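Take a look at the structure below.
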Amino acid sequence: MIHITLPDGARREYPGPLTVGEVAASIGPGLAKAALAGKVDGRVVDLSHCIESDAQLAIVTDKDADGLEIIRHSTAHLLAYAVKELFPEAQVTIGPVIDNGFFYDFAYKRPFTPEDLAAIEKRMGELAAKNEPVVRRVLPRDEAVQHFKAQGEHYKAEIIGSIPAGEDVSLYREGGFEDLCRGPHVPSTGRLKHFKLMKVAGAYWRGDQANEQLQRIYGTAWATKDELQAYLRMLEEAEKRDHRRLGRELDLFHLDEHSPGTVFWHPRGWTVWQEVEQYMRRVYRDNGYQEVKGPQILDRALWEKTGHWDKYRDNMFTTESEKRDYALKPMNCPGHILIFKQGIKSYRDLPLRYGEFGQCHRNEPTGGLHGIMRVRGFTQDDGHIFCTEDMILAECVAYTALLQKVYRDFGFADIIYKVATRPAARIGSDAIWDKAEHALMESLRASGCEFVIAPGDGAFYGPKIEYTLKDAIGRQWQCGTMQVDFSMAERLGAEYVAEDSSRRHPVMLHRAIVGSLERFIGILIEQHAGALPAWLSPMQVVVASISEPTADYASEVVKSLQKQGVRAQADLRADKIGYKIREHSLQKVPYILVVGDKEKADGTVAVRARGNQDLGTMPLAGFAERLLADIAAKV
């Protein structure tokens, strides 16, 4: 007899081996119809998978995260099937699942056009409607290589050839198309109903620029029509909020091929930058951080000691002088350790908190650059806390509370917490990693934060908490981090005098709240669709005169506001007032003050708030009080 334990603890008994699909059918016809796959002892498998011994089983449907991933991976195969039907000479390569969808890379003699994309999507719908079964079979590696070579699929044969000799590989067939895949997949193509192809882009075979260029078709797939439509609406909204377009329209910054991956900040954009930086500087000051500044270039020997040279060498900009090798710093940590080492430190000095707006450089590939969101030169609100092991919990709890306040001030209320644990390639003993991971998890529990585990995603020197923001249209942005590091200070010889007069190595907590200021400002622009709150807006008030005789009063209003710290300017042009209002509205100025003869005589201003709100006429002092309250409250 075989005993199957279900997620609710119920146990079912069967006379002999049976498939996951048969178990689902035995539970009920509704579940059998909804089933996409199964999870046997924690491993996701096809419905055709045979259970031959006692096991724990969960039936996977499209309501589960695993089910959605199966739908997307199966839709990638459906895409390849359609491409081979329409373009038989195209060769298939790889087609993985990505966030919100999938892609598949193809080798073809000419670029795919938008018309091709529409035809492929239509053909996918026709193939799905056939409801063809998806069937798995297993072949020895060498036989599978010959199978794909015989079909002219040389890329696929090369992939299989890289698998160790003697191993078997699994193939999945639907209709006339067969593909290499570990699986699992949906039981039939009819389960794939809600998808859309998005775009075509270039990609190098195996991600190597030395190899031939392929064509990558991106698509998205969802469990329901409503989810697909909601995602497409979100993309439309994201297009309106694109920080690159808004950066041009609002004259905030530009990017230039003379310095790829770095940002040219214009006066208005630099004003936003300064508001963010000065805000974070006050956060440093008010929470016990001492601001420091380290050099841009450090000797290679230092990076070798920390372990960064082995891990990040390919992403570091290097230079040479007087037969010594140097690197532009990709992070600030080693510099802060060198500052800590100057002079004798006592346990009474701990925790010692350093903060730096440190400019870093990483040699990101050109294809990975994206506006100011992903760049080669960036500035972090970087901080390092040197402490004892007993201080870790309290420091992490205090940091999480501080981060939550900062995010609220910038308009983000929804935070996702993730603990990234030890990777396979790491430094330090398992005992140290146990302590570090436990401390981070306990700190989140003490903070009342629910969290998920990301196995193996920690840094090579320690685990970390990743703090991810959810923006106004539901997108997620990982920004903040807290990392516990028992190793780097020891590697560079940092010590403090303990209470018993012994020399000990401090624990180092690596932390950043907004992370890259460039990226965070890009997120802010998209979060607010360019209409930044008054405290962040590069121009907070425009005073527009109706006629030339009121120009002097408009200038007086501006001077009065500027004396109170408001970013204000006058528009004294001879243009019609309606034109002025429209122009400054498009520039997303929070407040437009209109002044004419009546306002001049009464010492008042006619106030229009962003969003075409007419707030009426009020005394200048009353408006200034309202505005300054908005700025102080970060409304």
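The values are calculated or read from the model by the stated rules, or taken from the named source; none is laboratory data. Since the model is a prediction, treat every value here as computed from it, not as a measurement. Here Cβ is always computed from backbone atoms with ideal geometry, including for glycine, and neighbour counts include all displayed protein chains.
Looking at the structure I just gave you, is residue 323 without any contact (Cβ under 8 Å) to a residue 40 or more places away in the chain and surrounded by fewer than 16 Cβ atoms within 10 Å (Cβ to Cβ)?
yes
Only one residue in 261, 247, 269 is surrounded by 15 or more Cβ atoms within 10 Å (Cβ to Cβ), part of a loop (DSSP other than H, G, I, E, B) and under 23 Å from the mean Cα position of the chain (by Cα). Which one?
When all the criteria are applied, what remains is 261.
Given the conditions (1) under 16 Å from the mean Cα position of the chain (by Cα); (2) under 22 Å from residue 338 (Cβ atoms), and given that residue 471 satisfies all but one, which numbered condition is not satisfied?
The failed condition is (2).
Working carefully through the options 237, 277, find the one that is acidic (Asp, Glu), surrounded by fewer than 18 Cβ atoms within 10 Å (Cβ to Cβ), at pLDDT below 95 and not in a strand (DSSP E or B).
Result of the check over 237, 277: 237.
Can you run down the residue pairs with Cβ atoms below 7 Å, 6 or more apart or on separate chains, where the first is in region 85-104 and among the hydrophobic types (A, V, I, L, M, F, W, C) and the partner is assigned to a loop (DSSP other than H, G, I, E, B) and surrounded by 18 or more Cβ atoms within 10 Å (Cβ to Cβ)?
92/153; 102/95; 103/95
Among 514, 566, which is hydrophobic (A, V, I, L, M, F, W, C), part of a strand (DSSP E or B) and in contact with a helix residue (DSSP H, G or I) (Cβ under 8 Å, 6 or more places away or on another chain)?
Result of the check over 514, 566: 514.
Only one of (1) free of Cβ contacts under 8 Å to residues at least 60 places away in the same chain; (2) surrounded by fewer than 16 Cβ atoms within 10 Å (Cβ to Cβ); (3) in contact with a helix residue (DSSP H, G or I) (Cβ under 8 Å, 6 or more places away or on another chain) fails for residue 232. Which number is that?
Among (1) free of Cβ contacts under 8 Å to residues at least 60 places away in the same chain; (2) surrounded by fewer than 16 Cβ atoms within 10 Å (Cβ to Cβ); (3) in contact with a helix residue (DSSP H, G or I) (Cβ under 8 Å, 6 or more places away or on another chain), the lone unmet condition for residue 232 is (3).
Restrict the check to region 67-82 and report whether at least one residue is under 35 Å from the mean Cα position of the chain (by Cα), under 25 Å from residue 180 (Cβ atoms) and free of Cβ contacts under 8 Å to residues at least 24 places away in the same chain.
No, region 67-82 has no match at all.
Can you find a residue in region 107-128 that is part of a loop (DSSP other than H, G, I, E, B), exposed (fewer than 15 other Cβ atoms within 10 Å of the Cβ) and among the basic types (Lys, Arg)?
So far as region 107-128 goes, yes, one or more of its residues are part of a loop (DSSP other than H, G, I, E, B), exposed (fewer than 15 other Cβ atoms within 10 Å of the Cβ) and among the basic types (Lys, Arg).
Quick grid of which residues meet (1) part of a helix (DSSP H, G or I); (2) farther than 20 Å from residue 68 by Cα; (3) in contact with a strand residue (DSSP E or B) (Cβ under 9 Å, 6 or more places away or on another chain):
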site: 158; (1), (2), (3): yes, yes, no
site: 170; (1), (2), (3): no, yes, yes
site: 182; (1), (2), (3): no, no, yes
site: 190; (1), (2), (3): yes, no, no
site: 202; (1), (2), (3): no, yes, yes
site: 214; (1), (2), (3): no, yes, yes
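To keep it simple, each residue is scored yes or no on (1) at pLDDT 95 or above; (2) within 23 Å of the chain's Cα centre (by Cα).
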{"site": "389", "(1), (2)": "no, no"}
{"site": "393", "(1), (2)": "no, no"}
{"site": "398", "(1), (2)": "yes, no"}
{"site": "405", "(1), (2)": "yes, yes"}
{"site": "413", "(1), (2)": "no, yes"}
{"site": "434", "(1), (2)": "no, no"}
{"site": "455", "(1), (2)": "no, yes"}
{"site": "459", "(1), (2)": "no, yes"}
{"site": "467", "(1), (2)": "yes, yes"}
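So if I check each of 53, 26, which one is assigned to a helix (DSSP H, G or I) and of a type in the set (S, T, N, Q)?
Checking each option against the conditions leaves just 26.
Within the group 568, 633, which residue is within 30 Å of residue 522 (Cβ to Cβ) and modelled with pLDDT of 95 or more?
568 is the lone residue from the list that is within 30 Å of residue 522 (Cβ to Cβ) and modelled with pLDDT of 95 or more.
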